[in-house]
Amino acid sequence: MKISPAHIIRLYDRFEFLDKEGSGQLRLEDFAEVKELAMNPIGDRIIGAFFSPGQETVDFPSFVRILAHFRPTDKNRAKDSTQPEPVNSRTSKLKFAFQLYDQDRDGKISRAELLQVLREMLGMQVTEEQLESIADRAIQEADLDRDDAISFEEFRKSLEKVNIEHKMSIRFLR
Amino acid sequence: MAELLGSSSVRSGRASFCLRVVGFVLLLVFAAAASASRDISNGTSKEPNPAREEDPHHRSNTTHHKKAFPVLSFNYEHVRTPFEISLWILLALLMKLGFHIIPRLSHVVPESCLLIFVGLLVGGIIKAIGEKPPILDSTLFFLYLLPPIILDAGYFLPIRPFTENLGTILVFAVVGTLWNAFFIGGMMYAVCQIEGTGLGGVDLLSCLLFGAIISAVDPVAVLAMFEEIHINELLHILVFGESLLNDAVTVVLYHLFEEFAHIGTVTVADAFLGVVCFFVVSLGGILVGAIYGILGAFTSRFTSHTRVIEPLFVFLYSYMAYLSAEVFHLSGIMSLIACGVMMRPYVEANISHKSYTTIKYFLKMWSSVSETLIFIFLGVSTVAGPHSWNWTFVVLTVILCFVSRMLGVVGLTYIINKFRIVKLTKKEQFIVAYGGLRGAIAFSLGFLLTNDKMKDMFLTAIITVIFFTVFVQGMTIKPLVDLLAVKKKKESKRSINEEIHTQFLDHLLTGIEDVCGHYGHHHWKDKLNRFNKAYVKKWLIAGERSTEPQLISFYNKLEMKQAIMLVESGSAAKLPSTLRKLPSCRIIPRISKGREEEIRKLLRANLQKTRQRLRSYSRHDLMIDPFEDNMSEVRFRKQRVEMERRVCFHLDSDSNFCERMRCRNRVNFRIRVRNTLLIPEGKLFKFSREEDIIR
């Protein structure tokens, strides 16, 4: 199921709207303009996800590629192992979310990284002790190979009951 | 060989014992029912009672002939009504109990069917005796039996799946019910016009009225059935949500057609007014419920000193919401649901753990009793009610109900799937269609109709449809679910990981929607949460818990539950969050029994004193506990166990490194226990005595 031309046009309009300078590329400042993102606890991470490592700008194809993760999953897709995994499959969506946790890209969510996420989400309202207890418990629950970090497989397993196809999809991008 | 015989005889002995118990209970049922019905049917006439009551007075006052002082006297009239009500309820519950004792029965036949069957038997017995069996009075049903079930459903409604599928549920509830009503009504009318069926007297409006009554899916029946088949959350919430929300449509259609059935014609203006009425009824009902819900939440903010009556506030505010909505002919069910949903998050943040448990169990208890009584009464009313059996009408009704439901669901799903992110498969559509049961609401609405020759025929048809759906569909849905391999409910507790990641994903999706400039589901949910946190919570939640983030309260609840569970299971296992610190060696040293006893006595004496200071048995002294009784109990037991272990280790002369490590970690552990079982404000609850004991 390919993305329709109408959707691409809509995304391009949005891209142009965000690109205040008209340079054809988005910079960090353009993303920061979006007011709601500033209020979002993990806004910085989301913005960071659009930029490939080392890159300073985002062009339109990259923009679409990142957003394509959030297209609704096509459940009737035949499981063809020769073709690469489509970018909006459940695994790809989970991988995208995993990379948002795993900032240093070592393939694991360490305790420090988890603590960082919790700190961002819960802000000033909790003590450091409580954060540590939560992080400890979370790792203890999910960590099956006892390496004190959550790997992608463990992450996937802890979310097996959540309907990711529904949760991580936006109708806009169908 | 001998063992086989022995076991089989034991089994048959047990089975025959069960049968004997059940038989005895049945006898009790019939006897009491007979007497009860006689009294119920005569109960309205109160004149003989005063006369009878006068006599003993009179007799005792006269001194003309001296009678012996009556040591034992019999005065049944005095307690008749409460006695009979209690007896009915008690026997209904004994029946329910009986079903679960009989081994194979509850697996094959759903409980609702069994209860209706018992009702039939009871009704039959009463009729055989020659008395008039009591009928399910509509006032009794709508005012006393229905609200507990709906409140139970509404208060514990799973909000997340409900709001995610709200569009689908609304389409099924509103459009689906309308389609059902008009299709059945229209087809019935068309058939009635055919010569030879003898139904020429049924006009269009009566048919439509009948269609309106029979079209709505019944929440009681759906609840009773779906609870037993453990189907996955999506299907459950779809059918159940539909059964709750179609009440508004039913109310409007019923009143509309009832008004006009006598006048005979409907104009366009009336139809337009009907549409307006629908919006008024549904939105008005929700508004009334929301107001009462907020009132209830606000009241619960101040109940920290009177914990005992907290559950009552929840029940009374909800019941008032229902009654207030009924006063204005608004949808009482939607009002009740709105009240429960509105109240719940704030009330739960304010009330004590014990009140929460009380509310949960009382609601479950009342709804269970109501459900049982409803089904039994349905059975009795079947035997009792005046019937007018018309083959064409009844059979046609049953077939039409089934067909229109199937068509409606399939057609609507085709349209809905264009808008859904996760589409409904054919299997799921079938289950949704098959799960559309009719129940006591249809019967009561039919019973409310004014008395004309149509009413008996309608009632018969309604009862037949109810029986068909409950018995046939109810019994076959479980094997069908297994056959079609529909996903079952995943029985599991929510883990902290799920909670963290779900919140993370919420934020992520909101952010992505903002990047796209798309004001979707997540955007509005986020806005609502912010509004809630900024303004509403401050008003409705007491003290500092108003600023507590959801994750923290979830985590605390989890830890508390686990701690209570661990203590109850009697083991001294550690909490998971502290497990990683402890080494794996577990050598327990031996000391003499006498020494152990001495130590135990010492400990008990010390700990006992602190405990007495906290214990309070007076109802009015509940406020002395700064926080839950459970917590202090848990702490004590944990500390006692730890203390005993620690002292034992220290007394042992050759304490090796491992034990020393363990002891140090024990201290750490205790600090951790204290921390993790914190009240959210972060304050440590200090026992002054506690420090002495540790030292």
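The values are calculated or read from the model by the stated rules, or taken from the named source; none is laboratory data. Model, not experiment: these values are computed from the prediction. In this analysis, Cβ positions are derived from the backbone assuming ideal geometry, glycine residues included, and neighbour counts consider all displayed protein chains. These area figures cover heavy atoms from the full protein model, side chains too; ligands, DNA and RNA do not enter into them. Shrake-Rupley method; radii C 1.70, N 1.55, O 1.52, S 1.80 Å.
List of remarks:
- Among the criteria (1) outside any helix (DSSP H, G or I); (2) open to solvent by 40 Å² or more (accessible area, probe 1.4 Å); (3) within 30 Å of residue A:153 (Cβ to Cβ); (4) without any contact (Cβ under 8 Å) to a residue 24 or more places away in the chain, the one residue A:21 does not fulfil is (3).
- Tally, over region A:34-51, of residues that are facing chain B (nearest Cβ under 7 Å) and not in a loop (DSSP other than H, G, I, E, B): 4
- Among residues of region A:1-15 being over 20 Å from residue B:522 (Cβ atoms) and touching a helix residue (DSSP H, G or I) at 6+ places or on another chain (Cβ under 9 Å), the one that is least open to solvent (accessible area, probe 1.4 Å) is A:15.
- Being within 11 Å of chain B (Cβ to nearest Cβ) and assigned to a loop (DSSP other than H, G, I, E, B) is a description that does not apply to residue A:137.
- Residue B:418 being touching a residue at least 24 places away in the same chain (Cβ under 8 Å) and either in a loop (DSSP other than H, G, I, E, B) or of a type in the set (Lys, Arg) (or both): no
- Cβ-Cβ under 7 Å pairs, at least 6 apart or on other chains, region B:546-559 side at the interface with chain A (Cβ under 8 Å from one of its Cβ atoms), far side at pLDDT 75 or above and not in a helix (DSSP H, G or I): B:549/A:126; B:552/A:126
- Scanning region A:149-162 for residues that are within 8 Å of chain B (Cβ to nearest Cβ) and surrounded by fewer than 20 Cβ atoms within 10 Å (Cβ to Cβ) yields a count of 2.
- Residue A:144 away from every other protein chain (no Cβ under 11 Å), in contact with a helix residue (DSSP H, G or I) (Cβ under 6 Å, 6 or more places away or on another chain), over 19 Å from residue B:550 (Cβ atoms) and not basic (Lys, Arg): yes
- Selection count where residues are under 23 Å from residue B:445 (Cβ atoms) and surrounded by fewer than 19 Cβ atoms within 10 Å (Cβ to Cβ), scope region B:310-325: 3
- Residue within region B:492-501 that is within 14 Å of chain A (Cβ to nearest Cβ), without any contact (Cβ under 8 Å) to a residue 12 or more places away in the chain, open to solvent by 20 Å² or more (accessible area, probe 1.4 Å) and hydroxyl-bearing (Ser, Thr, Tyr) present: yes
- Restricting attention to region B:297-317, the residues that are in contact (Cβ under 8 Å) with a residue 24 or more places away in the chain, of a type outside the set (A, V, I, L, M, F, W, C) and not in a helix (DSSP H, G or I) total 1.
- Output for region A:122-134, where each listed residue is facing chain B (nearest Cβ under 7 Å), crowded, with 18+ Cβ neighbours inside 10 Å and not in a loop (DSSP other than H, G, I, E, B): A:122, A:130, A:133, A:134
- You will find that of A:73, A:91, the residue that is among the β-branched types (Val, Ile, Thr), out of contact with any helix residue (DSSP H, G or I) (no Cβ under 6 Å at 6 or more places or on another chain) and not in a strand (DSSP E or B) is A:91 and no other.
- Qualifying residues in region B:502-521 (those that are within 20 Å of residue A:31 (Cβ to Cβ) and more than 7 Å from chain A (Cβ to nearest Cβ)) - the one nearest to the chain's Cα centre (by Cα): B:506
- Residue B:436 passes every criterion in (1) assigned to a helix (DSSP H, G or I); (2) surrounded by 24 or more Cβ atoms within 10 Å (Cβ to Cβ) apart from (1).
- Applying the criterion of being among the charged types (D, E, K, R) and closer than 15 Å to residue B:342 by Cα to the residues of region B:520-537, the residue that is most open to solvent (accessible area, probe 1.4 Å) is B:533.
- Here residue B:410 does not fit the description of being of a type in the set (A, V, I, L, M, F, W, C), outside any helix (DSSP H, G or I) and either open to solvent by less than 60 Å² (accessible area, probe 1.4 Å) or modelled with pLDDT of 90 or more (or both).
- Qualifying residue in region B:149-158 (condition: over 17 Å from the mean Cα position of the chain (by Cα), under 30 Å from residue A:171 (Cα atoms) and part of a helix (DSSP H, G or I)): no
- Test result for residue B:467, open to solvent by 10 Å² or more (accessible area, probe 1.4 Å) and modelled with pLDDT of 85 or more: yes
- Qualifying residue in region B:133-143 (condition: farther than 22 Å from residue B:240 by Cβ and open to solvent by 80 Å² or more (accessible area, probe 1.4 Å)): no
- Residue count for region A:163-174 under the criterion of being facing another protein chain (nearest Cβ under 7 Å), open to solvent by less than 30 Å² (accessible area, probe 1.4 Å) and at pLDDT 80 or above: the result is 4.
- Scanning region B:107-136 for residues that are part of a loop (DSSP other than H, G, I, E, B) and either in contact (Cβ under 8 Å) with a residue 12 or more places away in the chain or in the same structural domain as residue B:223 (by the TED database) (or both), we see that the one that is farthest from residue B:375 (Cα to Cα) is B:131.
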